[in-house]
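A short write-up of the structure that comes next.
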Amino acid sequence: MEEMAIRIENLTKVYKLYDKPIDRLKESLGIFGKVRHKDYFALRDVNLDVKKGEILGIVGTNGSGKSTILKIITGVLSPTAGSINIDGKISALLELGAGFNPEYTGIENVYLNGTMLGYTREEMEKRLPNIIEFADIGDFIYQPVKTYSSGMFARLAFAVSINVDPDILIVDEALSVGDTRFQQKCYRKMEEFKKTKTIILVTHDIGVISKFCDRVVWIEKGELKNIGDPLEIAKQYTAYVMQSKLVHEVATNDKKKDDNDNMLMPIDGLVESYGDKKAIIRGIGLFQDSEKSMTQTVSPNKVTKIVIRIKYNEQIINPIVGFTIKDRLGNVAFQSNSEVLQQVLDTNMSTVDYAFEFEFPELNVGQYTISPAIASGTQANHSQHNWIHDAYIFNVINNNLYNLEGMLSLSDIKFDIM
């Protein structure tokens, strides 16, 4: 434990779920000796070491167990099974307003939180000026916190959390309610803490996870699904959230091959590409709903499909097929490939063409480009066979309200690879 701030072994948390409230009473009284509950595993056999001085991110869909594991670490909940060892003093910013008495003023809640953390009133008085300065909520610090906005709650709670000299700082989504300026102020503070404090950060913001964290834990349905490099986990998690999947289809005869090729835009020498050409991208197309004709203008709230056709000039070992969607400024909106999706492709692919289909509903208004690619190896160490820069340009329009520029930024994409 010398180098570990937190060590979790076989951590399990089980809740008993009852169909009716009366069933809980009947079971507790032992009527007929019947089991009337169902076990719900909020956490199941989770093993995790958190190193001292690292920023650990935790991602997972709603109900995956993220908040449960934080509450066990902070002592709010007790585990059903397993053990947890903690080396250091914890300061936690969990659910918004947790630990605050709504009838107390901001100042009174500062002292209340200090008492819960084991500080005397005199010790908190020394910290009070820094807390007031960082929270920056003006005279509201002297008003009952029940009058605060969610942003004010977050400001005061974070200011208290960082000014009680914690060894381990835990932040659970609370910063998402603050304004941009305050969020940046908080992240700068966490950067200062880096290497001197241990930070556990739970957020749905993949950009924050990728930028600030040393490692990322992905928890899903109560189980530790993966842990590792922030960028790689972010890609895998994003693909999972977007319900991505991948299959490939072989053109088995010339007629089918010709029909499919006629549906796609051919890739010619005018586009910017690179790679060793052991496999080449022959065509690409964008389709909406069940239409068989390509389109470069699609509507939101409809299923949109990218089709990428690839020809193998020789046998490719461990092929990786993927694409990148970029906005009009060249910023990457989304990336996905077969390895990120943890789907292994056939290594005995012949020189016959293969079609890969990617589906994604609910695009926002904007203009984007698609850059398809075929490589082989692994995500970390691969050979690029063919990458086509901005092979396909398309616009998403709002049928009810046309935007003259048609170039609004992308805020959310969902896609399904078929």
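Nothing in this text is a laboratory measurement; each read-out follows from the coordinates by a stated rule. Predicted model, so just to flag it, every value in this text is computed and none were measured. Glycine gets a Cβ as well: all are built from the backbone with ideal geometry, and neighbour counts include every protein chain shown.
In order along segment 301-308, the phi-based Karplus estimate (6.51 cos²θ - 1.76 cosθ + 1.60, θ = phi - 60°) of 3J(HN,Hα) comes to 6, 10, 6, 10, 10, 9, 10, 10 Hz; Gly and Pro are listed as x.
If the segment from Gln315 to Arg181 were pulled out straight at 0.36 nm per residue, it would be longer than the present Cα-Cα gap by 43.0 nm. Taking amide H as placed 1.01 Å from N in the peptide plane, the amide H of Met4 sits under 5 Å from that of Lys52, each at least 5 places away or on another chain. Computed from point charges on the beta carbon alone (+1 for Lys and Arg, -1 for Asp and Glu), the dipole magnitude for segment 4-241 about its Cα centre is near 620 Debye. Fewest-first ordering of Ile162, Ile206 by other beta carbons within 10 Å of each residue's beta carbon gives Ile206, Ile162. I need the shape label for segment 1-78. Rule: rounded when a/c is under 1.5, else prolate if a/b > b/c, else oblate, with a, b, c from the alpha carbon gyration tensor. The shape class here is prolate. Of the cross-linked pairs Lys52/Lys89; Lys71/Lys185; Lys189/Lys211, those separated by over 21 Å at the C-alpha level are Lys71/Lys185.
Taking 0.36 nm per residue of separation and subtracting the current Cα-Cα distance, fully stretching the chain between Val344 and Asn47 would add 104.2 nm.
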